[in-house]
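In what follows, a structure is listed as structure tokens, so that the remarks can point back to it.
The values are calculated or read from the model by the stated rules, or taken from the named source; none is laboratory data. Keep in mind that this is a model prediction, so the values were computed, not measured. In this analysis, Cβ positions are derived from the backbone assuming ideal geometry, glycine residues included, and neighbour counts consider all displayed protein chains.
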Amino acid sequence: MTPGAARRILPPDELKVLSVRADLPGLVRTAVHAAAIAAGAALVWASLGTWFVWPAMFAHGLTLVTLFAPLHESVHYTAFRSRRLAEIVGWVSGVAIGWNAPYYRYFHLAHHRYTQDPLRDPELTVAVPTGWLSFALRLSGWTHWKNRLLELWDIGRGAFGPRADWIPASARAGVVRSVRLQIVFYAAIAALSLATGSMAVLWYWLIPVVIAQPALRAWLLCEHTLCPETDDPLVNTRTTLVPALMRLLMWNMPFHAEHHLYPQIPFHALPAAHERLRPHFAHVVRGYGPTLAAIRTNFR
């Protein structure tokens with residue numbers, strides 16, 4: 001089915017209702033996510049000096065790496081009715097996990113425009129794992145951290161190479177300013193930590209984000225991998241059915257086929273959209289296990 005025909009599955013009046021943006025659902029979800037982060041930090045604090053600090057940091061890290069979800073929703077301007085509020089939440093969420101929101105906005109728009117196009121989808125610049133080594137490196141987060149550091153270095157000095165071809169010339173000055181502000185923020189945190197001799201940044205931020213990153217990498221890997229390289233949105237994206245707690249922290253991102261078909265639908269309306277659209281999708285899977293197993297079988 002052509003993309004245009006697929007996007008006519010929902011009648012215009014129903015799509016209009018599902019696409020209504022509002023500040024309250026986003027504010028509530030932001031507060032819940034912030035409370036989860038605070039609870040995770042309290043768990044780490046309570047377990048410092050014991051062996052339990054490592055599982056505590058992993059649990060806390062899950063609340064941090066899933067800030068990718070409000071970043072993602074905010075760059076679509078669907079997290080809130082207020083664009084300014086979306087920009088603030090998106091920028092803060094991105095900084096916490098190494099992304100720059102204005103940069104990611106153009107990266108992600110290109111991904112939507114060219115989903116599963118091997119030559120133009122920026123998400124496909126990272127190769128699909130073809131063996132155990134590339135699979136382990138992908139899940140470890142190594143590629144993620146390397147790319148985020150290179151982006152900060154390149155864009156921070158105004159160098160736009162092939163990795164930023166999707167950013168229009170008119171927007172590049174603003175992206176550079178945002179990246180430089182992010183670098184200043186990181187430098188200020190590092191300077192404050194060194195000046196006070198505090199290890200808080202390590203215990204409550206850096207280590208948790210690093211050790212929980214493989215979970216996020218695995219979830220994101222399942223969104224499109226092994227789906228056909230076609231522009232048909234009914235077959236090129238996978239929806240994964242997950243427990244309610246995960247949907248909560250991931251702002252309903254696992255309803256990913258629904259999101260790609262109708263990116264204007266806010267996160268809080270995606271469950272309702274799923275009920276209407278599920279029969280039309282080729283890839284709806286319960287849990288991430290089957291997809292990860294298929295990826296491993298494919299390279300074996």
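Key figures for this structure:
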read-out: Enumeration of residues in the range 148-158 that are in a helix (DSSP H, G or I) and either surrounded by fewer than 15 Cβ atoms within 10 Å (Cβ to Cβ) or touching an Asp or Glu at 6+ places or on another chain (Cβ under 6 Å) (or both); value: 149, 150, 153
read-out: Boolean, residue 62 is modelled with pLDDT of 95 or more and more than 30 Å from residue 231 (Cβ to Cβ); value: yes
read-out: Residue in the range 94-112 that is exposed (fewer than 14 other Cβ atoms within 10 Å of the Cβ) and among the aliphatic types (A, V, I, L, M) present; value: no
read-out: Filter result (loosely packed, with under 13 Cβ neighbours inside 10 Å and in contact with an Asp or Glu (Cβ under 7 Å, 6 or more places away or on another chain)) within the range 113-147; value: 118
read-out: The range 13-49: number of residues that are on the phi < 0 side of the Ramachandran plot and modelled with pLDDT under 95; value: 0
read-out: Some residue of the range 59-75 being touching a helix residue (DSSP H, G or I) at 6+ places or on another chain (Cβ under 6 Å), in contact (Cβ under 8 Å) with a residue 12 or more places away in the chain, of a type in the set (Ser, Thr, Tyr) and in a helix (DSSP H, G or I); value: yes
read-out: Residue identified as under 30 Å from residue 49 (Cα atoms), part of a helix (DSSP H, G or I) and without any contact (Cβ under 8 Å) to a residue 12 or more places away in the chain among 192, 216; value: 192
read-out: From the options 169, 212, 195, residue that is loosely packed, with under 15 Cβ neighbours inside 10 Å, farther than 30 Å from residue 234 by Cα, at pLDDT 95 or above and of a type outside the set (Val, Ile, Thr); value: 195
read-out: Failed item, numbered, when residue 233 is tested on (1) buried (at least 21 other Cβ atoms within 10 Å of the Cβ); (2) at pLDDT 95 or above; (3) farther than 20 Å from residue 58 by Cβ; value: (2)
read-out: Residue 78 vs. criteria within 22 Å of residue 144 (Cα to Cα), buried (at least 22 other Cβ atoms within 10 Å of the Cβ) and either of a type in the set (S, T, N, Q) or more than 17 Å from the chain's Cα centre (by Cα) (or both); value: no
read-out: Residue in the range 100-109 that is more than 27 Å from residue 181 (Cα to Cα) and of a type outside the set (Gly, Ala, Ser) present; value: no
read-out: Extreme residue, nearest to residue 114 (Cα to Cα), among residues of the range 159-178 that are among the β-branched types (Val, Ile, Thr) and in a helix (DSSP H, G or I); value: 175
